[in-house]
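The values are calculated or read from the model by the stated rules, or taken from the named source; none is laboratory data. Because the structure is a prediction, the values reported are computed rather than measured. Heads up, the Cβs are rebuilt from the backbone with ideal geometry, glycines too, and the neighbour counts pull from every protein chain shown.
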Amino acid sequence: MHGHPGAPGGVPAGWPGRRPAARPAPDWTPGRFHWGDAVVVLVYVALMVLGLGLWLAVSLGLVPGDLEAFDLVRDGFTVNIVSYAILVVLVLAVAWRPLVTSLRVFRTGTWWKLLLLPATWLACIVVNVIVLSLIGEAQTSANQAALEEMTTQAPPVLMILMTVVAAPLVEEYLFRHLLIGKLSRWINVWVCAVVSVLAFTLLHFLGTGGDFRLVETVPYLTLAVAITVSYILMGRSFGYAVLLHMVNNGIAIAMLYLVAPLLPDTLPGPTAPTTALAPLLALLG
């Protein structure tokens, strides 16, 4: 008995007993680490250390001269926007190709993948509301409070560019594209995912000096898990992770600028209008 022509082992493709063909790998694989990645990481760490050092020096009164002239919110925003501008240029110079090619994920199932972006945000909100209602009322983290304060002093266009465009691009490059996409060539992808989630969450509490409540981390953990799982399930698409993060931050910023001012000031609490929106605004990461 002769096998089917062209079929190894004599078993035609699709017949019982023949292994199904392996799913082809996406053509937007993250690739290997290279010197450009090291440059971005080193600059990121240097800017972070510089920013934290400046904040600490001003807070402790170690900066000589007239401290009244230094505003932690206004000048802190300036430091942030300049730092992000530098990092965005570096990230685009190093990773523009994988960013663009990874958007090919939308070539199939375009509409449901686009709908998943706001749907994932909504799912995070639902999870936050449920978890926070079980373990206690929503708490405003120092990171969230600082961003809310910046919206009252920083130019809206620059604030939107920083939080909706720059921050998602830089953070997804570091925490998904590098920590999962590239590191998973040597370490199990789900181990990388756990490291990414924890690193992303803790990043937003560096300025607290460890003085924060665990309940404050819930929204950031939720967001980190949602983006990380989406990134992996979408074939480690850098572009998809960036868009998901942009949608999340975009909705949160829209709430701050468009909804919070409409809420009555008679609501209880020291930051009444934004406290009412805490489950939504807490996802601004």
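Values computed for the structure shown
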{"quantity": "Subset of the stretch 130-150 (residues that are surrounded by 14 or more Cβ atoms within 10 Å (Cβ to Cβ), modelled with pLDDT of 80 or more and either among the β-branched types (Val, Ile, Thr) or not in a helix (DSSP H, G or I) (or both))", "calculated": "Val131"}
{"quantity": "Enumeration of residues in the stretch 75-94 that are out of contact with any helix residue (DSSP H, G or I) (no Cβ under 6 Å at 6 or more places or on another chain) and at pLDDT 95 or above", "calculated": "Ala85, Ile86, Val89, Leu92, Ala93"}
{"quantity": "Residue within the stretch 197-211 that is modelled with pLDDT of 85 or more, crowded, with 19+ Cβ neighbours inside 10 Å and of a type in the set (A, V, I, L, M, F, W, C) present", "calculated": "yes"}
{"quantity": "Residue count for the stretch 153-181, restricted to those that are over 17 Å from the mean Cα position of the chain (by Cα) and either outside any helix (DSSP H, G or I) or in contact (Cβ under 8 Å) with a residue 24 or more places away in the chain (or both)", "calculated": "5"}
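So that you can scan it fast, the table gives a plain yes or no per residue for (1) modelled with pLDDT of 80 or more; (2) in a helix (DSSP H, G or I):
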{"residue": "Cys192", "(1), (2)": "yes, yes"}
{"residue": "Tyr220", "(1), (2)": "yes, yes"}
{"residue": "Arg236", "(1), (2)": "yes, no"}
{"residue": "Tyr240", "(1), (2)": "yes, yes"}
{"residue": "Leu256", "(1), (2)": "yes, yes"}
{"residue": "Leu267", "(1), (2)": "no, no"}
